[in-house]
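The values are calculated or read from the model by the stated rules, or taken from the named source; none is laboratory data. Keep in mind the model is a prediction, meaning the values are calculated, not measured. With ideal geometry, Cβ positions are generated from the backbone for all residues, glycine too; neighbour counts draw on all protein chains shown.
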Amino acid sequence: MFKHLALAATVAAFGTAAVADGHGAVKVGMITTLSGGGAGLGIDVRDGFMLAINQSGNTNIEVIIEDDQRKPEIAVQLADKMIQSEKVDVMTGIIWSNLAMAVVPAATAQGKFYLSPNAGPSALAGRGCHPNYFNVAWQNDNLHEAAGAYANSAGYTNSFILAPNYPAGQDALTGYKRQYGGELAGEVFTKLGQTDYAAEIAQIRASGADSVFFFLPGGMGISFLKQYADSGVDLPVVGPAFSFDQGILQAVGAAALGVVNTSQWNKDIDNATNAAFVESFQAEYGRLPSLYASQGFDTANLLLSAMASADVNDTDAFRAALKAADFASTRGDFAFADNHHPIQDIYVREVIQEGDVFTNRIIGTALTDHSDVYGADCKM
(Lines give C-alpha, C1' and ligand atoms only; values in the text may rest on other atoms or scores of the structure.)
Protein backbone atom coordinates (compact mmCIF):
# COMPACT_ATOMS: atom_id res chain seq x y z
CA MET A 1 0.00 0.00 0.00
CA PHE A 2 1.15 3.55 -0.81
CA LYS A 3 3.88 2.25 -3.11
CA HIS A 4 4.52 4.31 -6.25
CA LEU A 5 2.08 6.98 -5.12
CA ALA A 6 2.16 9.62 -7.84
CA LEU A 7 0.73 13.10 -7.44
CA ALA A 8 -1.93 12.56 -10.09
CA ALA A 9 -3.61 9.91 -7.95
CA THR A 10 -3.36 12.11 -4.89
CA VAL A 11 -4.87 15.11 -6.64
CA ALA A 12 -7.77 12.99 -7.85
CA ALA A 13 -8.37 11.68 -4.35
CA PHE A 14 -8.46 15.19 -2.89
CA GLY A 15 -10.45 16.69 -5.76
CA THR A 16 -7.97 19.54 -6.36
CA ALA A 17 -7.24 20.91 -9.82
CA ALA A 18 -3.67 20.19 -10.90
CA VAL A 19 -1.45 23.06 -12.04
CA ALA A 20 2.02 22.70 -13.53
CA ASP A 21 4.68 24.82 -11.83
CA GLY A 22 8.42 25.27 -11.42
CA HIS A 23 11.50 24.54 -13.51
CA GLY A 24 11.13 20.84 -14.24
CA ALA A 25 9.94 17.50 -12.93
CA VAL A 26 11.21 16.11 -9.63
CA LYS A 27 10.92 12.51 -8.50
CA VAL A 28 10.89 12.03 -4.73
CA GLY A 29 11.65 8.79 -2.92
CA MET A 30 10.07 8.64 0.53
CA ILE A 31 11.25 5.83 2.80
CA THR A 32 9.45 5.93 6.13
CA THR A 33 8.00 3.69 8.84
CA LEU A 34 4.44 2.64 7.97
CA SER A 35 4.12 -0.65 9.86
CA GLY A 36 5.11 -2.10 13.21
CA GLY A 37 6.41 -0.06 16.13
CA GLY A 38 6.59 3.63 15.39
CA ALA A 39 4.33 3.44 12.34
CA GLY A 40 2.26 6.38 13.58
CA LEU A 41 5.28 8.66 13.23
CA GLY A 42 5.90 7.70 9.62
CA ILE A 43 2.22 7.88 8.74
CA ASP A 44 2.05 11.42 10.10
CA VAL A 45 5.16 12.51 8.17
CA ARG A 46 3.73 10.98 5.01
CA ASP A 47 0.31 12.57 5.48
CA GLY A 48 1.71 16.01 6.23
CA PHE A 49 4.05 15.82 3.24
CA MET A 50 1.34 14.70 0.83
CA LEU A 51 -1.12 17.33 2.11
CA ALA A 52 1.34 20.07 1.13
CA ILE A 53 2.02 18.47 -2.26
CA ASN A 54 -1.68 18.24 -2.99
CA GLN A 55 -2.36 21.80 -1.87
CA SER A 56 0.34 23.07 -4.20
CA GLY A 57 -1.37 21.64 -7.30
CA ASN A 58 2.11 21.07 -8.77
CA THR A 59 1.99 18.28 -11.37
CA ASN A 60 5.78 18.26 -11.83
CA ILE A 61 6.39 16.18 -8.74
CA GLU A 62 6.04 12.42 -8.29
CA VAL A 63 6.34 10.78 -4.88
CA ILE A 64 7.24 7.11 -4.45
CA ILE A 65 6.54 5.87 -0.93
CA GLU A 66 7.95 2.72 0.68
CA ASP A 67 7.79 1.20 4.17
CA ASP A 68 11.15 0.62 5.88
CA GLN A 69 9.54 -1.44 8.69
CA ARG A 70 11.99 0.34 11.05
CA LYS A 71 14.74 -1.99 9.81
CA PRO A 72 18.05 -0.51 8.60
CA GLU A 73 18.66 -3.33 6.13
CA ILE A 74 15.24 -2.79 4.53
CA ALA A 75 15.83 0.96 4.35
CA VAL A 76 19.17 0.40 2.58
CA GLN A 77 17.58 -1.99 0.06
CA LEU A 78 14.80 0.49 -0.67
CA ALA A 79 17.24 3.37 -1.04
CA ASP A 80 19.37 1.39 -3.49
CA LYS A 81 16.29 0.59 -5.55
CA MET A 82 15.08 4.18 -5.55
CA ILE A 83 18.46 5.56 -6.57
CA GLN A 84 19.46 2.93 -9.11
CA SER A 85 16.14 1.81 -10.62
CA GLU A 86 13.64 4.57 -9.89
CA LYS A 87 16.18 7.36 -10.53
CA VAL A 88 14.81 9.62 -7.82
CA ASP A 89 16.18 13.16 -7.49
CA VAL A 90 15.33 13.79 -3.84
CA MET A 91 14.93 11.47 -0.87
CA THR A 92 13.07 12.01 2.40
CA GLY A 93 10.95 10.35 5.07
CA ILE A 94 13.23 8.52 7.53
CA ILE A 95 12.10 8.67 11.15
CA TRP A 96 14.81 6.78 13.03
CA SER A 97 18.41 7.95 13.35
CA ASN A 98 19.96 4.50 12.97
CA LEU A 99 18.16 4.18 9.62
CA ALA A 100 19.26 7.68 8.63
CA MET A 101 22.88 6.79 9.31
CA ALA A 102 22.47 3.70 7.11
CA VAL A 103 20.92 5.59 4.18
CA VAL A 104 21.77 9.31 4.09
CA PRO A 105 25.59 9.26 3.61
CA ALA A 106 25.33 6.84 0.69
CA ALA A 107 22.46 8.77 -0.92
CA THR A 108 24.21 12.14 -0.76
CA ALA A 109 27.49 10.58 -1.95
CA GLN A 110 25.62 9.52 -5.10
CA GLY A 111 24.51 13.09 -5.77
CA LYS A 112 20.98 12.86 -4.37
CA PHE A 113 19.41 15.53 -2.19
CA TYR A 114 18.17 14.32 1.18
CA LEU A 115 15.59 16.36 3.10
CA SER A 116 15.11 14.98 6.60
CA PRO A 117 11.63 15.46 8.08
CA ASN A 118 12.66 13.97 11.41
CA ALA A 119 15.91 12.14 12.23
CA GLY A 120 18.79 14.50 13.04
CA PRO A 121 21.79 12.50 14.28
CA SER A 122 24.74 14.55 15.50
CA ALA A 123 27.10 12.82 13.06
CA LEU A 124 25.26 14.40 10.11
CA ALA A 125 25.27 17.87 11.68
CA GLY A 126 29.01 17.99 12.34
CA ARG A 127 31.87 16.29 10.56
CA GLY A 128 29.49 14.12 8.53
CA CYS A 129 27.53 17.05 7.12
CA HIS A 130 27.03 17.22 3.35
CA PRO A 131 26.01 20.03 0.97
CA ASN A 132 23.06 17.95 -0.29
CA TYR A 133 21.69 17.10 3.17
CA PHE A 134 19.11 19.39 4.78
CA ASN A 135 17.34 18.72 8.05
CA VAL A 136 13.94 20.41 8.24
CA ALA A 137 13.08 19.22 11.76
CA TRP A 138 15.94 19.67 14.24
CA GLN A 139 19.27 18.24 15.26
CA ASN A 140 18.58 15.39 17.69
CA ASP A 141 19.93 17.19 20.75
CA ASN A 142 17.75 20.30 20.37
CA LEU A 143 14.46 19.43 22.05
CA HIS A 144 16.36 17.66 24.84
CA GLU A 145 18.56 20.71 25.34
CA ALA A 146 15.34 22.71 25.75
CA ALA A 147 14.08 20.18 28.31
CA GLY A 148 17.33 20.56 30.23
CA ALA A 149 17.01 24.34 30.13
CA TYR A 150 13.45 24.09 31.46
CA ALA A 151 14.50 21.68 34.24
CA ASN A 152 17.22 24.10 35.24
CA SER A 153 14.79 27.02 35.36
CA ALA A 154 12.29 24.92 37.34
CA GLY A 155 14.92 24.31 40.04
CA TYR A 156 15.43 20.57 39.50
CA THR A 157 18.86 19.53 40.71
CA ASN A 158 18.83 15.71 40.74
CA SER A 159 17.25 14.26 37.60
CA PHE A 160 16.99 10.60 36.70
CA ILE A 161 17.38 10.34 32.90
CA LEU A 162 16.74 7.49 30.45
CA ALA A 163 16.57 6.89 26.70
CA PRO A 164 16.95 4.00 24.23
CA ASN A 165 20.46 2.95 23.28
CA TYR A 166 20.65 4.16 19.67
CA PRO A 167 22.00 7.39 18.08
CA ALA A 168 18.97 9.57 18.87
CA GLY A 169 18.82 8.26 22.43
CA GLN A 170 22.49 8.99 22.97
CA ASP A 171 22.05 12.49 21.54
CA ALA A 172 18.99 12.98 23.77
CA LEU A 173 20.80 12.46 27.05
CA THR A 174 23.80 14.46 25.83
CA GLY A 175 21.51 17.34 24.93
CA TYR A 176 19.65 17.29 28.24
CA LYS A 177 22.85 17.31 30.24
CA ARG A 178 24.29 20.17 28.17
CA GLN A 179 21.61 22.62 29.36
CA TYR A 180 20.57 21.02 32.65
CA GLY A 181 23.56 21.73 34.88
CA GLY A 182 22.42 19.73 37.93
CA GLU A 183 23.39 16.37 39.38
CA LEU A 184 22.10 13.04 38.04
CA ALA A 185 20.31 10.56 40.28
CA GLY A 186 20.73 7.98 37.54
CA GLU A 187 21.37 7.60 33.80
CA VAL A 188 20.05 4.54 31.96
CA PHE A 189 20.03 3.43 28.34
CA THR A 190 17.13 1.11 27.57
CA LYS A 191 16.70 -1.33 24.71
CA LEU A 192 15.24 0.13 21.49
CA GLY A 193 11.68 -1.16 21.23
CA GLN A 194 11.46 -2.09 24.92
CA THR A 195 7.96 -2.20 26.41
CA ASP A 196 8.51 -3.33 30.04
CA TYR A 197 10.00 -0.65 32.29
CA ALA A 198 9.49 -2.22 35.72
CA ALA A 199 13.22 -2.40 36.40
CA GLU A 200 13.84 1.21 35.37
CA ILE A 201 10.91 2.49 37.45
CA ALA A 202 12.26 0.58 40.45
CA GLN A 203 15.61 2.31 39.93
CA ILE A 204 13.89 5.69 39.77
CA ARG A 205 11.99 4.96 42.98
CA ALA A 206 15.20 4.10 44.83
CA SER A 207 17.36 6.84 43.34
CA GLY A 208 16.42 9.87 45.42
CA ALA A 209 15.69 11.83 42.23
CA ASP A 210 13.68 15.06 42.28
CA SER A 211 12.61 14.74 38.62
CA VAL A 212 12.58 12.36 35.67
CA PHE A 213 13.62 13.10 32.09
CA PHE A 214 12.97 10.49 29.43
CA PHE A 215 13.11 10.17 25.67
CA LEU A 216 11.11 7.14 24.53
CA PRO A 217 9.43 7.80 21.17
CA GLY A 218 6.38 5.98 19.82
CA GLY A 219 5.09 2.90 21.62
CA MET A 220 8.01 2.92 24.04
CA GLY A 221 6.80 6.18 25.55
CA ILE A 222 3.22 4.96 25.78
CA SER A 223 4.34 1.88 27.71
CA PHE A 224 6.61 3.82 30.04
CA LEU A 225 4.09 6.54 30.89
CA LYS A 226 1.30 4.09 31.66
CA GLN A 227 3.56 1.98 33.87
CA TYR A 228 4.99 5.06 35.56
CA ALA A 229 1.50 6.40 36.33
CA ASP A 230 0.49 3.04 37.81
CA SER A 231 3.66 2.74 39.88
CA GLY A 232 2.82 5.41 42.44
CA VAL A 233 6.14 7.19 41.88
CA ASP A 234 5.20 10.84 42.20
CA LEU A 235 8.08 12.76 40.67
CA PRO A 236 7.64 15.49 38.05
CA VAL A 237 8.32 14.29 34.52
CA VAL A 238 9.98 16.34 31.79
CA GLY A 239 10.50 15.18 28.23
CA PRO A 240 10.69 16.15 24.59
CA ALA A 241 7.60 16.30 22.39
CA PHE A 242 8.31 12.85 20.97
CA SER A 243 6.78 11.16 23.99
CA PHE A 244 3.90 13.62 24.39
CA ASP A 245 2.82 14.21 20.82
CA GLN A 246 -0.71 14.15 19.51
CA GLY A 247 -1.01 10.50 18.53
CA ILE A 248 0.74 9.25 21.65
CA LEU A 249 -1.38 11.32 24.04
CA GLN A 250 -4.60 9.63 23.01
CA ALA A 251 -3.09 6.26 23.87
CA VAL A 252 -1.62 7.44 27.19
CA GLY A 253 -4.67 9.41 28.32
CA ALA A 254 -4.93 11.07 31.72
CA ALA A 255 -1.56 9.71 32.86
CA ALA A 256 0.10 12.47 30.81
CA LEU A 257 -1.93 15.42 32.12
CA GLY A 258 0.24 18.26 33.37
CA VAL A 259 3.49 16.84 32.00
CA VAL A 260 5.84 19.49 30.63
CA ASN A 261 7.53 18.82 27.32
CA THR A 262 9.49 20.72 24.70
CA SER A 263 8.84 21.20 20.98
CA GLN A 264 9.65 23.51 18.10
CA TRP A 265 6.00 23.23 16.97
CA ASN A 266 2.52 23.17 18.44
CA LYS A 267 -0.95 23.61 17.02
CA ASP A 268 -1.37 26.96 18.80
CA ILE A 269 1.66 28.72 17.26
CA ASP A 270 0.04 31.93 16.06
CA ASN A 271 0.62 32.34 12.34
CA ALA A 272 -1.62 32.00 9.29
CA THR A 273 0.26 29.04 7.79
CA ASN A 274 0.00 27.01 10.97
CA ALA A 275 -3.69 27.80 11.49
CA ALA A 276 -4.48 26.74 7.92
CA PHE A 277 -2.35 23.61 8.26
CA VAL A 278 -4.06 22.48 11.47
CA GLU A 279 -7.52 23.08 10.00
CA SER A 280 -6.83 21.39 6.65
CA PHE A 281 -5.01 18.42 8.17
CA GLN A 282 -7.87 17.77 10.56
CA ALA A 283 -10.43 18.13 7.78
CA GLU A 284 -8.57 15.72 5.50
CA TYR A 285 -7.51 13.03 7.96
CA GLY A 286 -10.01 13.33 10.79
CA ARG A 287 -7.39 13.89 13.50
CA LEU A 288 -5.29 16.71 14.89
CA PRO A 289 -1.83 16.96 13.34
CA SER A 290 1.23 15.95 15.28
CA LEU A 291 4.73 17.35 15.44
CA TYR A 292 5.68 14.78 12.80
CA ALA A 293 2.88 15.86 10.46
CA SER A 294 4.02 19.48 10.71
CA GLN A 295 7.57 18.43 9.84
CA GLY A 296 6.37 16.49 6.80
CA PHE A 297 4.30 19.50 5.70
CA ASP A 298 7.24 21.89 6.08
CA THR A 299 9.59 19.49 4.26
CA ALA A 300 7.29 19.34 1.25
CA ASN A 301 6.90 23.11 1.18
CA LEU A 302 10.67 23.58 1.35
CA LEU A 303 11.01 21.26 -1.65
CA LEU A 304 8.25 23.06 -3.55
CA SER A 305 9.88 26.43 -2.88
CA ALA A 306 13.16 25.19 -4.37
CA MET A 307 11.35 23.76 -7.39
CA ALA A 308 9.75 27.16 -8.02
CA SER A 309 13.12 28.84 -8.50
CA ALA A 310 15.58 26.21 -9.75
CA ASP A 311 15.85 23.00 -11.75
CA VAL A 312 16.84 19.95 -9.73
CA ASN A 313 19.33 19.03 -12.46
CA ASP A 314 21.22 22.27 -11.77
CA THR A 315 22.64 20.99 -8.51
CA ASP A 316 24.24 24.22 -7.32
CA ALA A 317 21.17 26.33 -8.05
CA PHE A 318 18.78 23.83 -6.46
CA ARG A 319 20.97 23.57 -3.38
CA ALA A 320 21.01 27.35 -3.06
CA ALA A 321 17.23 27.42 -3.41
CA LEU A 322 16.87 24.89 -0.60
CA LYS A 323 19.29 26.83 1.62
CA ALA A 324 17.23 30.01 1.08
CA ALA A 325 14.23 28.27 2.69
CA ASP A 326 11.83 30.67 1.00
CA PHE A 327 8.60 29.12 2.23
CA ALA A 328 5.97 29.81 4.87
CA SER A 329 6.67 27.40 7.73
CA THR A 330 4.14 26.20 10.27
CA ARG A 331 6.71 27.40 12.82
CA GLY A 332 6.78 30.98 11.55
CA ASP A 333 10.35 32.17 11.05
CA PHE A 334 12.55 29.42 9.60
CA ALA A 335 16.19 29.51 8.53
CA PHE A 336 19.05 27.08 8.07
CA ALA A 337 22.38 27.37 9.85
CA ASP A 338 25.54 26.81 7.81
CA ASN A 339 25.33 23.06 8.48
CA HIS A 340 21.82 22.94 6.94
CA HIS A 341 20.03 22.39 10.26
CA PRO A 342 17.34 24.75 11.56
CA ILE A 343 17.71 27.90 13.61
CA GLN A 344 14.45 28.09 15.55
CA ASP A 345 12.62 28.72 18.81
CA ILE A 346 11.85 25.74 21.03
CA TYR A 347 8.79 25.99 23.26
CA VAL A 348 7.69 24.61 26.61
CA ARG A 349 4.33 22.81 26.39
CA GLU A 350 1.95 21.37 28.95
CA VAL A 351 -0.35 18.39 28.39
CA ILE A 352 -3.99 19.42 28.79
CA GLN A 353 -7.43 18.04 27.97
CA GLU A 354 -9.81 19.76 25.55
CA GLY A 355 -13.15 17.97 25.68
CA ASP A 356 -12.35 14.32 24.99
CA VAL A 357 -8.98 15.10 23.39
CA PHE A 358 -5.62 15.18 25.14
CA THR A 359 -3.31 17.75 23.60
CA ASN A 360 -0.63 20.36 24.36
CA ARG A 361 -0.58 24.10 24.87
CA ILE A 362 2.45 26.38 24.81
CA ILE A 363 3.28 27.84 28.22
CA GLY A 364 6.67 29.40 27.48
CA THR A 365 9.82 29.45 25.36
CA ALA A 366 12.83 27.41 26.45
CA LEU A 367 15.34 28.44 23.78
CA THR A 368 15.24 31.28 21.22
CA ASP A 369 16.84 31.25 17.75
CA HIS A 370 18.55 28.03 18.74
CA SER A 371 20.83 25.97 16.52
CA ASP A 372 23.12 23.04 17.36
CA VAL A 373 26.62 22.78 18.73
CA TYR A 374 27.93 20.48 16.00
CA GLY A 375 27.90 23.07 13.19
CA ALA A 376 31.39 24.24 14.13
CA ASP A 377 32.69 20.84 12.99
CA CYS A 378 30.87 21.01 9.64
CA LYS A 379 33.29 21.89 6.85
CA MET A 380 31.42 22.63 3.63
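Only one of these is part of a helix (DSSP H, G or I), within 24 Å of residue 374 (Cα to Cα) and touching a helix residue (DSSP H, G or I) at 6+ places or on another chain (Cβ under 7 Å): 175, 169, 221, 239. Name it.
Values: 169 fails: touching a helix residue (DSSP H, G or I) at 6+ places or on another chain (Cβ under 7 Å); 221 fails: within 24 Å of residue 374 (Cα to Cα); 239 fails: part of a helix (DSSP H, G or I).
Result of the check over 175, 169, 221, 239: 175.
Given the conditions (1) over 29 Å from residue 323 (Cβ atoms); (2) surrounded by fewer than 23 Cβ atoms within 10 Å (Cβ to Cβ), and given that residue 110 satisfies all but one, which numbered condition is not satisfied?
Looking at each condition in turn, residue 110 falls short on (1).
So which residues in the range 198-227 are under 26 Å from residue 42 (Cβ atoms) and surrounded by fewer than 21 Cβ atoms within 10 Å (Cβ to Cβ), if there are any at all?
219, 223, 226, 227
Just checking, which of 137, 151, 199 is more than 22 Å from residue 377 (Cα to Cα) and in contact (Cβ under 8 Å) with a residue 24 or more places away in the chain?
So the residue among 137, 151, 199 that is more than 22 Å from residue 377 (Cα to Cα) and in contact (Cβ under 8 Å) with a residue 24 or more places away in the chain is 151.
So is residue 176 buried (at least 24 other Cβ atoms within 10 Å of the Cβ) and within 24 Å of the chain's Cα centre (by Cα) or not?
Details: buried (at least 24 other Cβ atoms within 10 Å of the Cβ): yes; within 24 Å of the chain's Cα centre (by Cα): yes.
In short, yes.
Do the conditions hold for residue 116, that is, is it closer than 21 Å to residue 212 by Cα, in contact with a helix residue (DSSP H, G or I) (Cβ under 8 Å, 6 or more places away or on another chain), at pLDDT 95 or above and of a type outside the set (Asp, Glu)?
no
Can you tell me which condition residue 267 does not meet? The list is (1) assigned to a helix (DSSP H, G or I); (2) under 14 Å from residue 48 (Cβ atoms), and all the others hold.
(1) is the only condition that residue 267 fails.
Output the number of the condition that residue 167 fails; it satisfies all remaining conditions of (1) crowded, with 23+ Cβ neighbours inside 10 Å; (2) modelled with pLDDT under 95.
(1)
Specify which of the listed residues (263, 231, 211, 243) is more than 16 Å from residue 140 (Cβ to Cβ) and touching a Leu at 6+ places or on another chain (Cβ under 9 Å). Give the derivation first.
On the way: 263 fails: more than 16 Å from residue 140 (Cβ to Cβ); 231 fails: touching a Leu at 6+ places or on another chain (Cβ under 9 Å); 243 fails: more than 16 Å from residue 140 (Cβ to Cβ).
On inspection, the qualifying residue turns out to be 211.
List pairs: first in the range 224-237 and within 11 Å of residue 209 (Cβ to Cβ), second surrounded by fewer than 18 Cβ atoms within 10 Å (Cβ to Cβ) and modelled with pLDDT of 95 or more, Cβ under 6 Å, 6+ apart or cross-chain?
Short answer, once both residue conditions are applied: 233/205.
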